[in-house]
Each structure stands twice: as structure tokens, then as C-alpha cells.
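S.K.: Quick one: the structure is below, and I'll ask about it shortly.
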Amino acid sequence: MTERVDDHLPLAPAVFHVLLALADGEKHGYAVIKEVARRTDGKVRIHTGTLYTIVKRFLSDGLIVESATRPDPALDDERRRYYRLTDRGRAVAVAEADRLSETLTQARAKLALKRA
């Protein structure tokens, strides 16, 4: 039986943020950690151990792949591993964004929240 995209949902916030960090191109682990912290104004912080647990699971689930392309060795540390989203990983991220959007719509309606 083929696993459906929705089988991955809902995603924990840190997991979703890792997918978002990779949505605009490949990055190494430290760059993912820094982007998440920057994009969330430090509200979401991913520690190295957490990141690599997520990466291991994403690799296993086919949501990301390790990139075969490397930057110029003079500009990079050869120990770094670069990761990129697969089409499946992008589909999971989109499905989670849609799920969160629907949840927010319901919360606004239920709580009579003004639209931001």
C-alpha cells in the first residue's frame, strides 16, 4: 500500500519549519537551524540533535534527499551534508500549510478574531 501525503499530518512545528527551510533550495543542517530561528524571530529553535532526528526520518520517508551537488570546496566545509526537498516533501509541506490555514480559519470564526 502506498503511503498518502496526509499520512504524515499533522506535523510538529519544528518538523514543519524544517520543510519550510528547505522549500526554497538546498541547505546544510546549520543553515536550516539558522533560517528557522531567523524566520521565526527566535520563537522556534531547533537544536542539532532534534534536526538530525528529523533529517533521518525525512530521508527514510523520502521527503528529502541528500544533494549530490556540492559547493566549491574552497567555499565550504567538506563535512557538511546538503539536503533538498523531494516532490513528496513539498507536497507534505503544502498539505500541512493548507491544514494550518483551515485550522486558523476555523479559530477566527469560532473566536471572532479579526483577520491579520
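The values are calculated or read from the model by the stated rules, or taken from the named source; none is laboratory data. Note that the structure is a prediction, hence the values are computed from the model and not measured. Quick reminder, even Gly has a Cβ in these numbers, built from the backbone with ideal geometry, and neighbours come from all protein chains shown. Accessible surface areas use protein heavy atoms only, side chains included; no ligands, DNA or RNA. Shrake-Rupley method; radii C 1.70, N 1.55, O 1.52, S 1.80 Å.
S.K.: Residues in region 67-101 that are closer than 22 Å to Tyr52 by Cα, loosely packed, with under 13 Cβ neighbours inside 10 Å and at pLDDT 95 or above: how many?
M.R.: 1
S.K.: Which of the residues belonging to region 14-29 are modelled with pLDDT under 95 and open to solvent by 50 Å² or more (accessible area, probe 1.4 Å)?
M.R.: Answer for region 14-29, where residues must be modelled with pLDDT under 95 and open to solvent by 50 Å² or more (accessible area, probe 1.4 Å): just Glu26.
S.K.: For region 35-45, give me each residue that is part of a helix (DSSP H, G or I) and surrounded by 14 or more Cβ atoms within 10 Å (Cβ to Cβ).
M.R.: Correct list: Glu35, Val36, Ala37.
S.K.: Going by what's in this entry, would Arg108 be described as part of a loop (DSSP other than H, G, I, E, B) and either at pLDDT below 95 or not charged (D, E, K, R) (or both)?
M.R.: no
S.K.: Of the numbered conditions (1) in contact (Cβ under 8 Å) with a residue 24 or more places away in the chain; (2) among the hydroxyl-bearing types (Ser, Thr, Tyr); (3) open to solvent by 50 Å² or more (accessible area, probe 1.4 Å), Thr48 satisfies every one except a single condition; which is it?
M.R.: (1)
S.K.: In this structure, is Glu35 in contact with a strand residue (DSSP E or B) (Cβ under 8 Å, 6 or more places away or on another chain), modelled with pLDDT of 95 or more and acidic (Asp, Glu)?
M.R.: Yes: the conditions hold for Glu35.
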